[in-house]
Amino acid sequence: MSCAICSADTKTTKYQVKPKECSIDICDICLSQIDQPDPQKLDTDHLRCLDNSMWSENVAVQVVVYRLFAKLSDQDKLGMMYLEDETLNWAKQDESHDIHKDAHGVVLNNGDTVTIIKDLPVKGAGFVAKQGLVVKNISLDKSDNSLVLGKINGTAIYLKCSFIKKR
Ligand SMILES: [Zn+2]
């Protein structure tokens, strides 16, 4: 079996292109690129294979390629891929878009402890969350990856990810 993304003739694994029940056979290297949460650590040499696979007629492959270009922030290639509306919607339902990152790009998880890096007036609560304040046990906002929920002075408030730093 050859990899649906890079066409390497090697051992492949079934990869489900979520949220659909549809899978493609890909090699371990391509899989590691899809699973890599940090865009800085992507293997850009290996991912040159996308220049070929972006023209695949398999929509599941198109979706995966589109998501990888999005992760690479390659706007040119994203613009060159003319996906059908339905395929584009599928491509955008990417779990990795739900990743929350702090001010330094570090991935945040539920239960993390963070430090506030800038004084934040808390609307409605009548106090300022001071720079340097530690907030324990944050929860990630499911609908907005720029926000986490944390408790300050016993009040649950939303914090902007760009104003916090993971400890
Ligand atoms: Zn591959």
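Values in this text are rule-based calculations from the coordinates and carry no lab data. Everything quoted here is computed from the prediction, not taken from an experiment. Every residue, glycine among them, receives a Cβ derived from its backbone with ideal geometry; neighbour counts consider all protein chains shown.
Run down the lysines and flag those whose C-alpha is under 30 Å from the C-alpha of Lys92, throwing out any fewer than 8 positions away in its chain. Cross-link targets: Lys11, Lys14, Lys18, Lys20, Lys41, Lys71, Lys77, Lys101, Lys142, Lys160, Lys165, Lys166. Estimated purely from DSSP H runs of n ≥ 4, each contributing -39500 (n - 2.57), the mean residue ellipticity at 222 nm for the chain is -6000 deg cm²/dmol once divided by its residues.
Under a 5 Å amide H cut-off, with hydrogens placed 1.01 Å from N, Ser23 pairs with Val17 among residues at least 5 apart or on other chains. Of Ser32, Ser56, the sequence from fewest to most neighbouring Cβ atoms within 10 angstrom is Ser32, Ser56.
Altogether, the Stokes-Einstein calculation at 20 °C and 1.002 mPa s, with the Kirkwood radius of the stretch 43-139 over Cα pairs as Rh, returns a diffusion coefficient of 130 µm²/s. Applying a 4.7 Å Cβ-Cβ cutoff to the chain, the cysteines left without a disulfide-compatible partner are Cys22, Cys30, Cys161. Entry note: the stretch 12-97 has Rg to Rh equal to 0.91, where both radii use alpha-carbon atoms and Rh is the Kirkwood radius. Taking the Cα centre of the chain as reference, the dipole from Cβ charges on Lys and Arg (+1) and Asp and Glu (-1) amounts to some 1160 debye. At the listed q of 0.16, 0.19 Å⁻¹, the Debye profile of the chain, built from one uniform point per Cα, gives log10 I(q)/I(0) equal to -0.90, -1.09. Averaging over all projection directions, the Cα-based convex hull of the stretch 116-167 occupies 3.4 nm² in the image plane.
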